Amino acid sequence: MTPDLAPLLRAERLPDAYEAVVRRLHVPFAARIAEAARASGPGLRVGICGPQGSGKTTSARVLERLLAADGLRVVILSLDDLYLPLAARRKLAADMHPLLITRGVPGTHEIPLGLDLLHRLSRPGKILMPRFDKASDDRLPQSQWTPLEGPFDVILFEGWCVGAISQNAAALAMPVNDLERDRDPDGAWRAYANTQLAGPYQDLFADFARLVMFKVPSFEVVLGWRQEQERKAPVRGMTDAEIAVFIEHYERLTDHIQAEMPARADVVVRLGRRREIDDVTFRRAP
């Protein structure tokens with residue numbers, strides 16, 4: 001095992017068997033990213049998309065280690081840290097739709113902040129990386145943001161809907177779950193999120209040199225993974241029943257991404273029900 005990976009595997013409580021995943025997925029992908037970064041100059045953007053519990057954050061950290069060992073400066077930008085502050089989401093919920101109080105769907109992130117960060121991370125100078133605290137459901141004060149110094153050769157941008165594209169209007173007509181049927185009967189919430197995804201989010205997701213997605217067996221599997229995550233958290237915030245309601249906010253777009261993104265992603269990682277890797281497809285030559 002690469003010595004630098006051992007602390008990461010311990011920190012993530014990953015078994016030694018994860019080395020096989022690193023060799024199969026991360027090592028060849030990191031080599032492709034490194035080659036592209038050296039050819040393009042600072043600020044190469046790599047999108048990492050996967051539903052909750054799929055392992056995208058762990059993969060970003062492994063890639064960061066591998067690329068750093070190859071002499072590149074790497075930074076991870078999480079879509080989660082771009083969530084609007086709670087006060088802003090309360091106003092959005094009052095003005096647009098009550099469901100927008102819940103973080104996650106397009107429309108609940110601060111896009112100008114993300115665009116500014118992507119710009120600054122590829123150039124010399126000091127940067128403050130925002131941080132969102134899920135326990136308080138609010139963005140941390142700027143005094144607790146992480147100071148960084150640019151430029152970075154590679155920006156690993158990870159998140160549950162990173163790189164997603166909007167649905168057509170006809171696809172929005174029928175609710176996909178109880179949440180949409182009972183709390184969005186006229187489709188206004190899902191239409192707003194879809195419009196946001198079609199507009200400003202495409203600016204945020206533009207210019208990816210590489211896009212990797214994690215494909216899962218079903219949304220029901222995602223629910224189980226998210227519940228497992230919560231049980232393992234140092235401070236548990238939600239019950240299994242509350243999580244089941246919470247992730248209904250993500251079901252529509254998760255299913256849409258899983259159906260359409262494999263045809264255009266540069267790397268498709270197909271997962272089994274226990275998050276084992278069933279297959280890795282590299283769709284672009286190094």
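Data table
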quantity: Those residues of region 190-202 which are surrounded by fewer than 22 Cβ atoms within 10 Å (Cβ to Cβ) and more than 16 Å from the chain's Cα centre (by Cα), in sequence order; calculated: 191, 192, 195, 196, 198, 199, 200
quantity: Selection within region 245-276 - small (Gly, Ala, Ser) and surrounded by fewer than 16 Cβ atoms within 10 Å (Cβ to Cβ); calculated: 259, 263, 272
quantity: Restricting region 11-53 to residues that are at pLDDT 95 or above and among the β-branched types (Val, Ile, Thr), the residue that is nearest to residue 254 (Cα to Cα); calculated: 48
quantity: Any hit, region 87-108, residues being β-branched (Val, Ile, Thr), surrounded by 21 or more Cβ atoms within 10 Å (Cβ to Cβ), modelled with pLDDT under 95 and not in a strand (DSSP E or B); calculated: no
quantity: Leading residue by the ranking (nearest to residue 27 (Cα to Cα)) among those in region 61-106 that are free of Cβ contacts under 8 Å to residues at least 40 places away in the same chain and touching a helix residue (DSSP H, G or I) at 6+ places or on another chain (Cβ under 8 Å); calculated: 103
quantity: Selection count, region 125-154, where residues are assigned to a strand (DSSP E or B) and either in contact (Cβ under 8 Å) with a residue 12 or more places away in the chain or surrounded by 15 or more Cβ atoms within 10 Å (Cβ to Cβ) (or both); calculated: 14
quantity: Count of region 33-86 residues which are among the acidic types (Asp, Glu), out of contact with any strand residue (DSSP E or B) (no Cβ under 8 Å at 6 or more places or on another chain) and in a helix (DSSP H, G or I); calculated: 1
quantity: Filter result for the condition that a residue is acidic (Asp, Glu), more than 21 Å from residue 89 (Cα to Cα) and more than 19 Å from the chain's Cα centre (by Cα), over 149, 180, 158; calculated: 149
quantity: Extreme residue, surrounded by the fewest Cβ atoms within 10 Å (Cβ to Cβ), among residues of region 203-244 that are among the aromatic types (Phe, Trp, Tyr) and modelled with pLDDT under 95; calculated: 219
quantity: Scope region 36-66; condition under 15 Å from residue 266 (Cα atoms), hydrophobic (A, V, I, L, M, F, W, C) and out of contact with any Asp or Glu (no Cβ under 7 Å at 6 or more places or on another chain); matching residues; calculated: 36, 46, 49
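The values are calculated or read from the model by the stated rules, or taken from the named source; none is laboratory data. These numbers come from a predicted model, not from an experiment. Every residue, glycine as well, gets a Cβ built from its backbone with ideal geometry; the counts of neighbours run over all protein chains shown.
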